[in-house]
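Right, one structure below, let's go through it.
The values are calculated or read from the model by the stated rules, or taken from the named source; none is laboratory data. For clarity, every value in this text was computed on a predicted model and none was experimentally measured. Cβ placement follows ideal geometry from the backbone for every residue including glycine, while neighbour counts extend to all protein chains displayed. The protein model used for the area step is the full one, side chains on, heavy atoms only, and it has no ligands, DNA or RNA in it. Shrake-Rupley method; radii C 1.70, N 1.55, O 1.52, S 1.80 Å.
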Amino acid sequence: MSARIVKVLWAGRLSYKSGLKLQTILSNQHRQQLESDSCNTLILVEHNPVFTVGIRDKGYTVEDEERLRNLGAEFYRTNRGGLITFHGPGQLVAYPILNLKHFKKSIKWYVCQIESTIIRLCGEFGIKGETSPNTGVWVNDKKICAIGIHGSRYITTHGLALNCNTDLSWFDHIVPCGIEGKGVTSVSQELNTNTTVQDVLPLFQNAFKDQFECSLIDYPVEEAVQLLECVKGKDADV
């Protein structure tokens, strides 16, 4: 059993703004305790419908933003890598807030580990997930999992979004991740059955634990409740 411990925080359904606040709080804890691995946390969440763009997506105009908001989704510009994507119900979003000094000091290695985690997970369902020259995990020419991360002094934020039983029609309004001629898919679509986030969660955690060679423990309940109440309360500050 590895000595590395990662606390798992299931945040349930959360607005994207609350998710950003949660990442900020936990990443700041790392900066205050750089020699401790007790701050390594895996946030697992479902978001309300939201389109997000990364640092390379500067081509989206105010008009584009308004068009997407009018569909009933939020819109955020972020500091993660990657281009535009969608998050929403039926999609497992994972934000590993890790200090890579406790693992391997390489962002490239970290992205490869995330891709390998999802490929392992897909394999558990009998789905052949693959990497490509484009970041993420693909089933043939369709993306099943988007990855967009940020690293600062080896502390990671943002992460991955795996389509479980997501309404894929949301992706019709964008060029997902800025890649022309490619599609999107989900675990449910590949299996032709309704596979929910709750169905996927235990398998994802097992794959993450194996790939990152760590032990997973539940985030302390009282601390988790206080943390989530804090970040949800911030939504009133919009």
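Could you give me the residue pairs with C-beta distances under 6 Å whose first residue belongs to the stretch 98-125 and is within 18 Å of GLY136 (Cβ to Cβ), whose second residue is open to solvent by 30 Å² or more (accessible area, probe 1.4 Å) wherever it lies, and which are 6+ apart or on separate chains?
The qualifying pairs are ILE107/GLY151; GLN113/GLN211; GLU115/THR131; SER116/GLN211; THR117/GLN211; LEU121/LEU203.
Does any residue of the stretch 171-187 turn out to be of a type in the set (Phe, Trp, Tyr) and not in a helix (DSSP H, G or I)?
No, the stretch 171-187 contains no residue that is of a type in the set (Phe, Trp, Tyr) and not in a helix (DSSP H, G or I).
When residues of the stretch 74-102 are filtered for being modelled with pLDDT of 95 or more, open to solvent by less than 40 Å² (accessible area, probe 1.4 Å) and part of a loop (DSSP other than H, G, I, E, B), how many remain?
Going through the stretch 74-102 one residue at a time, the tally reaches 3.
With the requirement that a residue be open to solvent by less than 10 Å² (accessible area, probe 1.4 Å) and either of a type outside the set (A, V, I, L, M, F, W, C) or in contact with a His (Cβ under 6 Å, 6 or more places away or on another chain) (or both), what does the stretch 15-26 give you?
Those that are open to solvent by less than 10 Å² (accessible area, probe 1.4 Å) and either of a type outside the set (A, V, I, L, M, F, W, C) or in contact with a His (Cβ under 6 Å, 6 or more places away or on another chain) (or both): TYR16, SER18, GLY19, GLN23.
Considering the stretch 61-71 alone, what residues qualify as being within 18 Å of THR85 (Cβ to Cβ) and either at pLDDT below 75 or assigned to a helix (DSSP H, G or I) (or both)?
Of everything in the stretch 61-71, those that are within 18 Å of THR85 (Cβ to Cβ) and either at pLDDT below 75 or assigned to a helix (DSSP H, G or I) (or both) turn out to be ASP64, GLU65, ARG67, LEU68, ARG69.
Select from the stretch 3-14 the residues that are open to solvent by 10 Å² or more (accessible area, probe 1.4 Å) and more than 15 Å from the chain's Cα centre (by Cα) and write down the one among them that is nearest to GLY159 (Cα to Cα).
Across the stretch 3-14, the extreme among qualifying residues is LYS7.
In this structure, is GLN113 under 23 Å from ASN79 (Cβ atoms), open to solvent by 20 Å² or more (accessible area, probe 1.4 Å) and outside any strand (DSSP E or B)?
In short, yes.
Checking GLU124 against (1) within 20 Å of LYS209 (Cα to Cα); (2) surrounded by fewer than 14 Cβ atoms within 10 Å (Cβ to Cβ); (3) within 17 Å of the chain's Cα centre (by Cα), only one condition comes out false. Which one?
Condition not satisfied by GLU124: (3).
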